[in-house]
Amino acid sequence: MQLAELNVGRLVAETGDPRVADFMNNLDRINNMGRRMPGFVWMMEGSGTPGTGNTDAKIDGDPLYVANLSVWNSVEALGRFVWDTVHSQFYDRRTEWFEVARAPHFVMWWVPEGHRPSLDEALARLEVLRRDGDTPDAFGWAYAKAHPQPPVEPAEGEIGQVLPTPTP
């Protein structure tokens, strides 16, 4: 299993506005650093236009609502990128560029190796987190730190496996 993550936010201004210029001017640098990190697997790509990142992946047609969707080998690999690189400095400045979210805006979930989630799939996971809180199907950092490995399905006959009742 691999770890998918979605981070969404609504910019405080259009992408060409000076209020978000520092964020926009560093998108390629931060995304490219992420792609080179150990444990990185895949990232949803935008238009490919330099300096736009995934800002063309609009949510509900809102040009200010943007998303970042990626897949990693582990919680630890994603955590190293988010908290132990220059990315953390941009994370600390997020309120300069994004409206304060009234609901969870970040979600993680486990996907089969090789799966590349769609934005619709990821948004559905975010809705699960918003509705149910942390579960094995959709979770945030606190849950991920407490459960850094994907749930393991017991093999047939193992403890915890529900087996059919023998017939007399």
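Data table
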item: Residues being within 17 Å of GLY39 (Cβ to Cβ) and among the hydrophobic types (A, V, I, L, M, F, W, C) - total across segment 107-136; result: 4
item: So ARG125, is it surrounded by fewer than 12 Cβ atoms within 10 Å (Cβ to Cβ), modelled with pLDDT of 90 or more and under 30 Å from ASP60 (Cβ atoms); result: no
item: Which numbered condition GLY61 misses (of (1) modelled with pLDDT under 90; (2) under 23 Å from MET37 (Cβ atoms)); result: (2)
item: Looking only at segment 83-100, and only at residues there that are surrounded by fewer than 13 Cβ atoms within 10 Å (Cβ to Cβ) and either under 24 Å from ARG131 (Cα atoms) or of a type in the set (A, V, I, L, M) (or both), the one that is modelled with the highest pLDDT; result: VAL100
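The values are calculated or read from the model by the stated rules, or taken from the named source; none is laboratory data. Everything numeric here is computed off the predicted structure, so don't read it as measured data. Please note: Cβ atoms are built from the backbone with ideal geometry, for glycine as well, and neighbour counts cover all protein chains shown.
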